[in-house]
Amino acid sequence: MILLDRLGKQYGSNEALSHVNLHIHPKEFVTVVGESGAGKSTLIRLLIREEKPSSGKIIVGGIDYEGVKRRDIPRLRRRIGVVFQDFKLLPNRNVRENVAFALEITGARPSVIKHTVPKVLQLVGLAGKEHNFPRELSGGEQQRVAIARAVVRQPKILIADEPTGNLDPKHSWDIIELLLKINRYGTTVILATHNRDIVNALQRRVVTLRGGRVIDDQEQGAYNV
């Protein structure tokens, strides 16, 4: 599903990632951990083709990023859903409209949108909140909207970048349980976090970054940095 081969990224003299080798299988749930500056965010930007690597290779779903042209990037990104710490919702659109927007920009037919959006809102536990605006929702609910928007196009991969960073412990666990649920439906999930309690409780595969390098990769790991 995802293959990183000797991946490197430099910003001037700063080496953000160096010789990263990683293989993530379909339907895996992988947690990427590391202190601030370890390279987690850089890795995500490379995976969603927001930036290009300085060296090495990225292959996702059989697509070699080296051969991806600029015009093909939007289609590539439809394979990958992304959730961020700060929600990034459209404040003047309600819940249904925020989620539908992700389909509208791909040219989906109105009938498809009408059929799909309620199912996704049911999945993330927001049935009945369709007409609420972001300002009327709790932080946990806003993150659920963001997750719904990320998965409404049925991506094969979901990347969650510090999705619990702005949430209290209860809502944090609600979001993690939702990510696990999405994973059980067959979506590969990559969770980037610095929340030690969540990582250690999950007992899933843990990839640890330090100084831009993978220093540990455990099938049922813990956050030991």
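Does the stretch 127-148 include one or more residues that are on the phi < 0 side of the Ramachandran plot and without any contact (Cβ under 8 Å) to a residue 12 or more places away in the chain? Yes: the stretch 127-148 contains one or more residues that are on the phi < 0 side of the Ramachandran plot and without any contact (Cβ under 8 Å) to a residue 12 or more places away in the chain.
Selection of the stretch 170-189 for residues being more than 15 Å from the chain's Cα centre (by Cα) and exposed (fewer than 15 other Cβ atoms within 10 Å of the Cβ) yields LYS170, ARG184, TYR185.
Kindly provide the set of residues from the stretch 1-52 that are of a type in the set (Ser, Thr, Tyr) and in a strand (DSSP E or B), ordered by number.
Start the filter on the stretch 1-52 by keeping residues that are of a type in the set (Ser, Thr, Tyr), which leaves 11, 13, 18, 31, 36, 41-42.
Hits for the stretch 1-52 are TYR11, SER18, THR31.
Counting residues in the stretch 106-114 that are assigned to a strand (DSSP E or B) and of a type in the set (Gly, Ala, Ser) gives zero. Between LEU126, LEU121, the distinction of being over 19 Å from the mean Cα position of the chain (by Cα), under 20 Å from ARG184 (Cβ atoms) and buried (at least 20 other Cβ atoms within 10 Å of the Cβ) belongs to LEU126 only. Of everything listed in (1) basic (Lys, Arg); (2) out of contact with any Leu (no Cβ under 8 Å at 6 or more places or on another chain); (3) modelled with pLDDT under 95, the single unmet condition for LYS119 is (3).
The residues in the stretch 51-98 that are loosely packed, with under 12 Cβ neighbours inside 10 Å and at pLDDT 95 or above can be counted, and the count is 2. Among residues that are buried (at least 19 other Cβ atoms within 10 Å of the Cβ), assigned to a strand (DSSP E or B) and of a type in the set (Gly, Ala, Ser), ALA192 is included. Would you mind stating whether PHE101 is assigned to a loop (DSSP other than H, G, I, E, B), under 22 Å from the mean Cα position of the chain (by Cα) and surrounded by 15 or more Cβ atoms within 10 Å (Cβ to Cβ)? No: the conditions fail for PHE101.
The values are calculated or read from the model by the stated rules, or taken from the named source; none is laboratory data. Fair warning: this is a prediction, and the values are worked out from it, not measured in the lab. All Cβ positions, glycine included, derive from the backbone under ideal geometry; neighbour counts span all protein chains shown.
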